[in-house]
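First the structure, in the form of structure tokens, and then the observations on it.
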Amino acid sequence: MDVGEFDILSTLQRSGPPYALPAGTFLKASMVASGTITNRADKMEAKGLVERVRDGEDRRTVKMHLTERGHEVIGAAFTDHLANYARLLADVDRELVEKAAEGLRPVLEALGDTTIK
């Protein structure tokens, strides 16, 4: 999985049920051309990671849905990703990591991250 695929899959996973977002969401978040998102979506759909479905209320809108296979792949990637962070931070004082995370929380909230707790 490349960085672009990880970005789309993790965004869908974090969105919560029904794990579907309009394709334009990824365009705004990733700062790449619409053709790039289309190309990524084509490849991911061919791999069975996402499914593109026209919105029932507005047929102009296409939503990307995370498939069961997509859930499995991003779940495994998250596990590996978190293990890597744990390895990288293993020698850093836990209290320092917690203070850094707390200090960054308002910055992330100001940038619109609604997934942090």
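Worth pointing out:
- Here the contact order of region 7-85, divided by its residue count and restricted to Cα pairs under 8 Å and six or more residues apart, works out to 32 percent.
- Computed helical MRE - 222 nm, the chain, DSSP H runs ≥ 4 contributing -39500 (n - 2.57), nearest 500: -20500 deg cm²/dmol
- Annotated for the chain: lysine pairs at least 8 residues apart or interchain, Cα distance under 27 Å, count 8.
- Helix 68-89 and the long axis of the chain differ in direction by around 20°, with both axes built from C-alpha atoms.
- Taking the average, over residues, of other Cβ atoms within 10 Å as the packing measure, peptides 89-100, 31-42, 7-18 rank 7-18, 31-42, 89-100 from highest down.
- The angle between the Cα long axis of helix 3-15 and the main principal axis of the chain comes to about 90°, on a 0 to 90 degree scale.
- Three-way shape label, region 3-70, alpha-carbon gyration tensor, a/c 1.5: rounded
None of the figures in this text is laboratory data; all of them are computed from the coordinates on show. Bear in mind the structure is a predicted one, so any value in this text is a computation, not a measurement. As a convention, Cβ positions derive from the backbone with ideal geometry for all residues, glycine included, and neighbour counts pool all protein chains shown.
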